[in-house]
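These notes are about the structure you will find just below.
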Amino acid sequence: VFFEPIFELQDMLIYRSFDMPLKYIRQINESSVDYCKNILSESHDNISEQISRLRTSLRYIENKMNLIDEYYYLLENPYKKCEMAKVKILPWKLTNYILELYSNLPHKCYYSLIFKAPYTSFSEGLILPYHFSNGDSSPIWSYDESAETTHIAFLLKSLYADGNQSDIGTHIENIHKQGLSTGTIICKYLTSGTENNVKYDYFKAIAEVF
């Protein structure tokens with residue numbers, strides 16, 4: 001008899017740890033085994049759903065932190081050689097497929113800018129893994145496994161939500177001063193932030209050089 005209240009108290013503490021309503025806790029301790037099982041099954045399903053949402057949130061946060069780490073690396077190490085990932089780029093347009101990819105797979109799909117000579121304009125796109133479906137679009141750029149191309153990376157800065165106001169010209173000039181010519185430049189969105197009360201977007205720019 002002595003141990004039963006201890007067991008019940010232990011159960012109550014566990015139930016409260018996952019925010020089970022007090023009325024359910026009282027009912028569990030005063031109801032049939034069948035009722036107890038039903039309440040616990042419902043709690044199990046709710047917790048499983050919360051865990052799934054938390055895992056998604058955690059993955060999103062970790063990805064954002066990794067992108068910010070890329071920002072700092074590029075800030076300190078401009079124009080270093082890098083590998084081009086095996087990806088493709090679909091045109092940025094508000095189709096259901098594009099929105100679904102961007103919303104549900106933020107750790108795999110990235111907003112991007114694509115510059116080509118003479119670098120006075122750009123195209124907007126969505127970077128996604130090479131093996132993903134194209135949906136109802138044709139890629140505007142795709143990884144070419146047979147191409148023997150050298151790439152370098154740098155941090156591109158543009159006014160917030162305005163890719164026309166970027167420092168792409170400065171970077172092109174700096175690269176050309178190294179005796180290199182430039183081809184297509186793929187810019188993956190990393191993060192946004194303010195400098196001197198002005199908000200900017202920051203991209204990892206990967207330039208084809210030769």
Please go through the stretch 168-182 and give me each residue that is exposed (fewer than 15 other Cβ atoms within 10 Å of the Cβ) and closer than 22 Å to residue 125 by Cβ, ordered by number. 169
Which numbered condition residue 170 misses (of (1) in a helix (DSSP H, G or I); (2) touching a residue at least 12 places away in the same chain (Cβ under 8 Å)): (2)
Residue 146 fails exactly one of the following numbered conditions: (1) polar (S, T, N, Q); (2) open to solvent by 80 Å² or more (accessible area, probe 1.4 Å); (3) modelled with pLDDT of 90 or more. What is the number of that condition? (3)
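Can you tell me which residues in the stretch 173-196 are outside any helix (DSSP H, G or I) and more than 23 Å from residue 69 (Cβ to Cβ)? Lay out the reasoning, then the answer.
Here is the first cut: in the stretch 173-196, the residues outside any helix (DSSP H, G or I) are 178-196.
Of everything in the stretch 173-196, those that are outside any helix (DSSP H, G or I) and more than 23 Å from residue 69 (Cβ to Cβ) turn out to be 178, 179, 180, 181, 182, 183, 184, 196.
Please state which one of 84, 20 is under 30 Å from residue 139 (Cα atoms) and in a loop (DSSP other than H, G, I, E, B).
Numbers: 20 fails: under 30 Å from residue 139 (Cα atoms).
Going through 84, 20 in turn, just one is under 30 Å from residue 139 (Cα atoms) and in a loop (DSSP other than H, G, I, E, B): 84.
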How many residues does the stretch 87-103 hold that are among the hydroxyl-bearing types (Ser, Thr, Tyr), closer than 13 Å to residue 133 by Cβ and touching a strand residue (DSSP E or B) at 6+ places or on another chain (Cβ under 7 Å)? 0
In the list 137, 146, which residue meets the criterion of being in contact with a Phe, Trp or Tyr (Cβ under 8 Å, 6 or more places away or on another chain) and among the hydroxyl-bearing types (Ser, Thr, Tyr)? 137
Going residue by residue through the stretch 42-51, is there one that turns out to be part of a helix (DSSP H, G or I), open to solvent by 100 Å² or more (accessible area, probe 1.4 Å) and more than 20 Å from residue 111 (Cβ to Cβ)? yes
Sort out which residues of the stretch 119-140 are open to solvent by less than 50 Å² (accessible area, probe 1.4 Å) and part of a strand (DSSP E or B), and write them in order of number. 125, 126, 127, 128, 129
Consider residue 99 carefully, then state whether it is over 30 Å from residue 146 (Cβ atoms), in a loop (DSSP other than H, G, I, E, B), open to solvent by 60 Å² or more (accessible area, probe 1.4 Å) and of a type outside the set (D, E, K, R). no
For residue 25, are the conditions met, namely being farther than 30 Å from residue 192 by Cα and either part of a helix (DSSP H, G or I) or free of Cβ contacts under 8 Å to residues at least 24 places away in the same chain (or both)? yes
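The values are calculated or read from the model by the stated rules, or taken from the named source; none is laboratory data. Note that this is a predicted model, so its numbers are computed, not measured. All Cβ positions, even for glycine, are placed from backbone atoms using ideal geometry, and neighbour counts span all protein chains on display. Surface areas here come from the heavy atoms of the whole protein model, side chains and all, with no ligands, DNA or RNA. Shrake-Rupley method; radii C 1.70, N 1.55, O 1.52, S 1.80 Å.
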